[in-house]
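Here the structure comes first, spelled out in structure tokens, and everything after it is commentary.
The values are calculated or read from the model by the stated rules, or taken from the named source; none is laboratory data. All values reported here derive from a predicted model rather than from experimental measurement. Quick reminder, even Gly has a Cβ in these numbers, built from the backbone with ideal geometry, and neighbours come from all protein chains shown. Side chains included, ligands, DNA and RNA excluded: accessible areas come from the protein's heavy atoms. Shrake-Rupley method; radii C 1.70, N 1.55, O 1.52, S 1.80 Å.
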Amino acid sequence: MNKNNSPYTAALTGGGFLFEETLTLLPLLQAENSEELLQEEKVNNNLLHINAETARSRNIHEIKRRYQTMPPSFWNDFKEMSDSDKVIALFYVMLKTYKICFDFHVNVTMRKWNSISKSIDKEDLMMEFNEISAKDEFVDSWSDSTKGKVASAYLTILRKVGMLTNDDRLHSLVCNNYDYYLAKGEPWFLEACLLQPYEIDNIKKSM
């Protein structure tokens, strides 16, 4: 299996969560002349204020990748959400965009949440990398340094959304529009936010 048919990418390290940057670029992404505007931003740095053009270009590329993962209607809904709900919505987008992120979350984070420890660290993720590497030659070809950076980037994302404390303890997320994800036929995301089954049932009943 080579890079072209592996579902994985190490691009998660390309900029991190990029919340403010996503809000900044969203009008450009939604414009009819989107490509032209993004190219202009890469060159002129009018909005992002990221000095290095390589970093700026990388961030734009990753935000565009995430934008294109979702239907246009999602981003119209996104714009109407509160800032705290936008943070959680972007987390949802990242789980949909990066398979490595999704696998870490389902196979490590959610399992750890349902265990006695309720904590997660980099070593847990490196063990999951062993599982993935055994099945995917492209991931197996990544250096230990790259794997470490991807694992660290994922943990940083959990911290940004408020799911992971500085002492590596997990917490469920507080979101004001969980019914939105249920209405979209995405009940898995409520589990991904570490809600208990009874909490999910209560949200379903209130709809």
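Looking at Glu41, Glu21 in this structure, which one is of a type in the set (Asp, Glu), touching a residue at least 40 places away in the same chain (Cβ under 8 Å), in contact with a helix residue (DSSP H, G or I) (Cβ under 8 Å, 6 or more places away or on another chain) and part of a helix (DSSP H, G or I)?
Working: Glu41 fails: touching a residue at least 40 places away in the same chain (Cβ under 8 Å).
Checking each option against the conditions leaves just Glu21.
Out of (1) over 17 Å from Ala11 (Cα atoms); (2) at pLDDT 95 or above, the odd one out for Lys205 is which?
Of everything listed in (1) over 17 Å from Ala11 (Cα atoms); (2) at pLDDT 95 or above, Lys205 misses just condition (2).
Yes or no, residue by residue, for (1) open to solvent by less than 20 Å² (accessible area, probe 1.4 Å); (2) within 19 Å of Ser84 (Cβ to Cβ); (3) in contact (Cβ under 8 Å) with a residue 12 or more places away in the chain:
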residue	(1), (2), (3)
Trp142	no, no, yes
Leu155	yes, no, yes
Lys160	no, yes, yes
Leu164	yes, yes, yes
Ser172	no, yes, yes
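Tell me, which residue of segment 192-207 that is out of contact with any strand residue (DSSP E or B) (no Cβ under 7 Å at 6 or more places or on another chain) and surrounded by 16 or more Cβ atoms within 10 Å (Cβ to Cβ) is farthest from Val108 (Cα to Cα)? Lay out the reasoning, then the answer.
The first filter runs over segment 192-207 and keeps only residues out of contact with any strand residue (DSSP E or B) (no Cβ under 7 Å at 6 or more places or on another chain), leaving 192-193, 195-207.
Restricting the remaining residues to those that are surrounded by 16 or more Cβ atoms within 10 Å (Cβ to Cβ) gives 192-193, 195, 200, 203.
Values: Ala192: 11, Cys193: 13, Leu195: 16, Ile200: 21, Ile203: 25 Å.
Checking each candidate, the answer is Ile203.
Considering only segment 107-115, I want to know if a residue exists there that is under 22 Å from Ser6 (Cβ atoms), open to solvent by 20 Å² or more (accessible area, probe 1.4 Å) and at pLDDT 95 or above.
Checking segment 107-115: at least one residue is under 22 Å from Ser6 (Cβ atoms), open to solvent by 20 Å² or more (accessible area, probe 1.4 Å) and at pLDDT 95 or above.
Condition first: farther than 21 Å from Lys160 by Cα, open to solvent by 60 Å² or more (accessible area, probe 1.4 Å) and at pLDDT 95 or above. Can you find one or more residues in segment 50-60 that meet it?
Of all residues in segment 50-60, those farther than 21 Å from Lys160 by Cα come to 51-54, 57.
Still in the running and open to solvent by 60 Å² or more (accessible area, probe 1.4 Å): 51, 53-54.
Within this subset, residues satisfying the condition of being at pLDDT 95 or above are none.
Taking every residue of segment 50-60 in turn, none turns out to be farther than 21 Å from Lys160 by Cα, open to solvent by 60 Å² or more (accessible area, probe 1.4 Å) and at pLDDT 95 or above.
Could you pull out the residue among Asp124, Asp103, Asp144 that is farther than 19 Å from Ser6 by Cα and among the acidic types (Asp, Glu)?
Values: Asp103 fails: farther than 19 Å from Ser6 by Cα; Asp144 fails: farther than 19 Å from Ser6 by Cα.
None of the other options fit; the residue is Asp124.
Taking segment 174-191 on its own, how many of its residues are among the hydrophobic types (A, V, I, L, M, F, W, C) and open to solvent by less than 60 Å² (accessible area, probe 1.4 Å)?
Filtering segment 174-191 for residues among the hydrophobic types (A, V, I, L, M, F, W, C) gives 174-175, 182-183, 188-190.
Filter once more, keeping what is open to solvent by less than 60 Å² (accessible area, probe 1.4 Å): 175, 182, 189-190.
Number satisfying all stated conditions: 4.
Where residues in segment 65-84 are under 14 Å from the mean Cα position of the chain (by Cα) and buried (at least 17 other Cβ atoms within 10 Å of the Cβ), which of them is farthest from Thr156 (Cα to Cα)? Explain how you work it out, then say what you get.
Narrowing segment 65-84 to residues under 14 Å from the mean Cα position of the chain (by Cα): 65-70.
When the remaining residues are screened for being buried (at least 17 other Cβ atoms within 10 Å of the Cβ), the result is 66-67.
Working: Arg66: 17, Tyr67: 20 Å.
So the residue we want is Tyr67.
In the set Asn107, Asn46, which member is over 17 Å from Ala10 (Cβ atoms) and assigned to a loop (DSSP other than H, G, I, E, B)?
Asn46
Against the condition under 24 Å from Arg159 (Cβ atoms) and not charged (D, E, K, R), how does Val108 come out, does it pass?
Values: under 24 Å from Arg159 (Cβ atoms): yes; not charged (D, E, K, R): yes.
Considered against the rule, which asks whether it is under 24 Å from Arg159 (Cβ atoms) and not charged (D, E, K, R), Val108 comes out as yes.
Mind checking which residues of segment 114-138 are part of a helix (DSSP H, G or I) and within 18 Å of the chain's Cα centre (by Cα)? Talk me through it step by step, then tell me what you get.
Narrowing segment 114-138 to residues part of a helix (DSSP H, G or I): 122-135, 137-138.
Residues satisfying the conditions are Lys122, Leu125, Glu128, Phe129.
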